[in-house]
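The structure appears below as structure tokens.
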Amino acid sequence: MNGGAVWWVFFYALSAFTLFNALLVVTGKNLFKCALHLMLVFLGVAGLFLLQGAFLLAGVQTLIYTGGVTTLILFAIMLSEEVVGRQRQLVSRGVSIGISAAICFLGIALTIFGTAVAQLPENYGVHIAPVAQFVAEASHLPMGNVRAVGVALLTQFLVPFEFASVLLVVAVIGAIVIARLAGGK
Amino acid sequence: MSLTQLCERLLNWTGLPVEVWVGLVVAVIIFLFMTVIVLAVVYLFRKFAGFIQLRLGPRYVGPRGVLQTVCDAVKLLAKEDIIPAEADKGIFIAAPLIVFLPAYLAYIVIPFGQPPHFQPKDLNLGILYVLAITSITVVGIITAGWASGSKWATIGGMRSGAQLISYEVPMSLAVLVPVLISGSLSMKDIAEMQGDRIWYWNAFNISYFGLAFIAFVIYMICALAETNQIPFDLPEAESELVAGYNVEYSGMRFAFFFLAEFSNLFVVCAIATTLFLGGWYAPLPFLPDDGFWSLLWFMLKTLTLVFIVLWIRSTYPRVRIDQLMEFAWKRLFPIALIDLGIVSLIVALR
Amino acid sequence: MKRNSDSGIGSNYPWHKQRPVIEEPRPGEALRADRLIVNMGPQHPSTHGVLRMILTVDGEWVVAAEPDIGYLHRGFEKLAEMRDYDGTIFLSDRWDYLASMSNNIAMSLAIERLLDIQVPERAQWIRMLVAELQRIASHLVFIAAYGLDMGAMTPFFYCFRERERIVGFFEALCGARLTYHYVRVGGVAADLPDGFLEELEKFIPMLQSGFDEIDELLIYNPILIERTSGIGIIPPHLAVSYGLSGPMIRASGIPYDVRKCHPYLFYDAVDWDVITHEACDSWARVWVRSQEMRQSLRIVKQVVERLKEMPAGEVRVKLGRSIRPQKGDCYVAIESPRGELGIYIVSDGSGKPYRVKIRGPSFVNLSIAPRVLPGVKIADLVAILGSFDLVMGEVDR
């Protein structure tokens, strides 16, 4: 077995694992189990990041999504669900909307992906999407890609990065305000 | 036929790459090491707590009772496996594993002695890996509480979850301080940056005006909370919750929780040693710190920290749940943030 | 003795820190169905015995708390009517099983007042000695148990080390370690054994340093202070109107102590202070008890001095085979470790009491719980209830 083959085996196994769990998340009847499958999806995605050489992303994915977001979701479930009678039929009311949203997303993804892949062979490193470029450069750095990601976030992507943080602050403040309003009156 | 040849034959026969076998062997060694460490720490804790509390501690099994914890472990493994009728069976079985695996995987990057011999694998993301892996524990604990189908366990699980995520924040900030100072996330690099002079160790390095020491203290306080030790042992508050998230567990599954808890205690202290106390290095240049000496120094430092934690555990009362949260968010978090800010300023200006 | 006035004592304490009692649901709250009725006890690790609290909680806040008692009711008042006067003493051992000596003394004093007899002086000094040792032992148990409630395991062992030694002295006196039956009608069961006072004198400095250790470990521990100060506040006027006594009322700033206000035995002949604290909160109640132990030790020292000067001799009045007091009644109160322990006996002239009424301090002190507990956090419940130092044997009797 050569390295490339092993890589592909891992890639397909992880992808299958991730997709399988993702399917369980949306079809499962037990909300709590769904959340646990979601955690496995996050872990699978982290594994895929690892395979791409994006170690930092894999670490952050695990730290924030597996450790943080899953916990948050579990909390939300436990606070809203009653401990007894936890089996609940999950009814999706907007199946058609869901399907159309999925198709839209697929279209967007294919467009982006298609253009990036189409440009890849002849213009590698020039016209490629900037993120991919940084990742490509970063995988050769000795310190992993921490420094590259950090530099990228604070130079080239400073504005979106700051926008994201402003958005988060607004969300946090909004959550507090809503909680205050609900609790105080 | 020598042993090496035999091994080679076996390897060829299986047809798997050598790395797989090495990995498996390392995995088994880490597991054994972890078990031994936990048994030793539990025994020492019981003796130590006994000493503090005017008792004798274990005495009868083996010389000075050293085999007592082994006996207890065997007893736990031999116990009847009980799954409560109300419990959600699959999740109930999975929860101890979700708690145990991160505790086990965290051992991979810790340099217990001079690398590469005493460090299973040096990842260039070392400390981030540890933080990421151990953050999964919360999910396991909440899951355990929820799956038990008991109100007490659920409340314990939720308390524990809230506590763990709250204290993860100042802990991560405190961890970033040595990372900034050494400019690396690798555990090996961070330890090597500090070297074999005690005044260059991060905790005692005066060129950062004691800011790194503050980070060390914050880290240790968070470590107390992360490992559910008194004064932050609210998830297990006996007078309120009886035993917390693992109240419905018994036998082998309980043993997994127990193993994970004490193993985590050891791991957080080992990380503190690596990040702040110069890892495997001796405090002074003329003291030997190569080969097994490095292991000795590392264990010495780590166990000292473990003892400090256990000392606190057997001395203090418990804080209240809102005080716990307030302490994390209103005291530790701002202090850690300001500390990190100033350190990064110093690092940037140098 | 300075008596309470509403404005004077404790007026500088921030009463407003206590949450108001939630009575009327706030607007819009009627829709919320999250009021929960929770049972705490009688089998709960921190209700000390068989107290059952029926709590109504609104999220994190206690809205109403109703103690449900009677799980340890043994009918001592009725039992006493069926025994001769001597036989009631051993019943008293079992009211407040952490302070049997005090109960013995209360019952004996009441019967002696009915009989109108004078107890030998030496017996009275011995009674004082055992009463104060008993107070120390009882407060030690309180502090130990309170530490456990607050999650501190170690102070328990330190408290019990000292208590075990005191119990050892009691064992030397009467052979028992919990229910002593040492103080009898007309005196005490036996004189002090040889070398008792010398051993006790050696023990006093050890106890003193033991108190220092406990203070350092628990009483002045910042975490304990943080958890217990400012909660469970009982303002002085409330303490008086609910008839609290003992450390409970003294922690509310009112210097009421039966030993000072209505002295019995020789409490007016020894030198000691009444300990009060103006904070009126849980921590004050713990602190008052820790300081009272020191005062008790002061009394013990003086009593030992007196007893050493005194020749061994008569410790019990010779009474007939059956005691028949005259027709009449009397009320005698002593300061037990938990407060004013009162005995009211009615005699119809026969060999058995016609009626015995016990005013148990724990029972009266518990009565304030429904008033104090509403408006506190559930997490504080244990810290408040624990500071009442309830002994269910005495609440239920």
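The values are calculated or read from the model by the stated rules, or taken from the named source; none is laboratory data. Please read these numbers as outputs of a predicted model, since none were measured by experiment. All Cβ positions, even for glycine, are placed from backbone atoms using ideal geometry, and neighbour counts span all protein chains on display. Note: areas computed on protein heavy atoms with side chains; ligands, DNA, RNA excluded. Shrake-Rupley method; radii C 1.70, N 1.55, O 1.52, S 1.80 Å.
For this structure, a couple of remarks:
- Put a plus charge on the Cβ of each Lys and Arg, a minus charge on the Cβ of each Asp and Glu, and nothing anywhere else: the dipole of the protein assembly as shown about its Cα centre is then about 1100 debye.
- Selected from B:254, B:146, B:90, residue furthest toward positive end of dipole (chain B; charges at beta carbon): B:254
- Translational D in µm²/s for chain B (Stokes-Einstein at 10 °C, 1.306 mPa s, Kirkwood Rh from C-alpha pairs): 74 µm²/s
- Two-site label geometry, residue A:171 and residue B:322: point separation in nm, points 7 Å out along Cα→Cβ: 2.8 nm
- Residue-averaged beta-carbon neighbours from other chains (10 angstrom radius) around B:309-320: 6
- Measuring against 24 Å, Cα to Cα, the residue pairs A:33/B:75; B:47/B:151; A:29/B:79; A:33/B:151 contain A:33/B:75; B:47/B:151; A:29/B:79 as the ones spanning a longer distance.
- Separation of the residue B:101 and residue C:71 label points, Cα + 7 Å toward Cβ, nm: 4.3 nm
- Kyte-Doolittle at least 1.6, axis length at least 20 Å by Cα - qualifying DSSP helices, chain C: none
- Cα pair distances of the range B:1-154 binned at 10 Å [whole percent]: 9, 22, 28, 29, 10, 2, 0
- Screening chain B for DSSP H helices whose Cα atoms reach 18 Å or more along their own axis and whose mean Kyte hydropathy is at least -1.0 gives B:18-52, B:89-105, B:151-182, B:211-226, B:251-276, B:292-313, B:333-349.
- The simple Förster model, with R0 at 35 Å and r as the Cβ-Cβ distance, assigns residue C:310 and residue C:116 a FRET efficiency of 0.90.
- The range B:280-350 versus the range C:301-346: alpha-carbon centroid distance in Å: 61 Å
- Peptides C:300-306, C:65-71, B:283-289 ranked from most to least packed by the mean count of surrounding Cβ atoms within 10 Å: C:300-306, C:65-71, B:283-289.
- Net charge of Cβ neighbours under 9 Å - reference residue C:74; Lys, Arg +1; Asp, Glu -1: +1
- Calculated FRET value between residue C:82 and residue C:271, using beta carbons and R₀ = 45 Å, to 0.05: 0.55
- Extension gain for residue B:2 to residue B:286 (0.36 nm times residue separation, less C-alpha to C-alpha distance): 98.2 nm.
- Note on the range C:195-318: Rg/Rh from C-alpha atoms, Kirkwood Rh, equals 1.06.
- Hull volume in cubic angstrom per residue (convex hull over the Cα atoms of chain C): 141 Å³
- Solvent-accessible surface of the range C:100-170, taken per residue with a 1.4 Å probe and all protein chains present: 22 Å².
- 20 Å-binned pair-distance histogram of the protein assembly as shown (Cα, whole percent): 11, 36, 31, 16, 5, 1, 0
- Rg over Rh for the range C:61-189 works out to 1.05, using Cα positions for both radii and the Kirkwood form for Rh.
- Only Lys, Arg (+1) and Asp, Glu (-1) charged, at Cβ; chain B dipole about Cα centre in debye: 640 debye
- Within a straight-line Cα-Cα reach of under 30 Å, residue C:301 can be paired with the following lysines, leaving aside sequence neighbours fewer than 8 residues apart in one chain: C:2, C:202, C:260, C:318.
- Label-to-label distance for residue C:317 and residue A:99 is 10.3 nm, based on points extended 7 Å past Cα in the beta-carbon direction.
- Over the protein assembly as shown, DSSP H runs of length four or greater, each weighted -39,500 (n - 2.57), average out per residue to a 222 nm ellipticity of -18500 deg cm²/dmol.
- Selected from A:109, B:106, A:179, residue furthest toward positive end of dipole (the protein assembly as shown; charges at beta carbon): A:179
- Under a Gaussian network description of chain C, with springs only between Cα atoms under 10 Å, the residue in C:140, C:373, C:178 that fluctuates furthest is C:178.
- Residue A:163-residue B:348 FRET efficiency (beta carbon distance; Förster radius 22 Å; 0.05 resolution): 0.35
- The range B:146-211-the range A:14-50 distance, computed between alpha-carbon centres (Å): 29 Å
- The mean number of partner chain beta-carbon atoms within 10 angstrom of a residue's beta-carbon across peptide B:135-148 is 5.
- Share of carbon and sulfur in the accessible heavy-atom surface of the range B:104-163 [1.4 Å probe, %]: 68 percent
- Gaussian network model of chain B, Cα within-10 Å springs - most flexible of B:41, B:22, B:99: B:22
- Counting Cβ atoms of other protein chains within 10 Å of each residue's Cβ and taking the mean over peptide C:220-227 gives 4.
- Rounded to the nearest 20 debye, the dipole magnitude of the range C:128-211 is 240 debye, with +1 charges on Lys and Arg beta carbons, -1 on Asp and Glu beta carbons, and the Cα centre as origin.
- Each of B:220, C:262, C:209 was scored by the projection of its Cα onto the charge dipole of the protein assembly as shown, and the greatest displacement toward the positive side belongs to C:262; charges sit on the C-beta of Lys, Arg, Asp and Glu.
- Along principal axes, Cα extents of the range B:73-141, largest first, whole Å: 49, 27, 12
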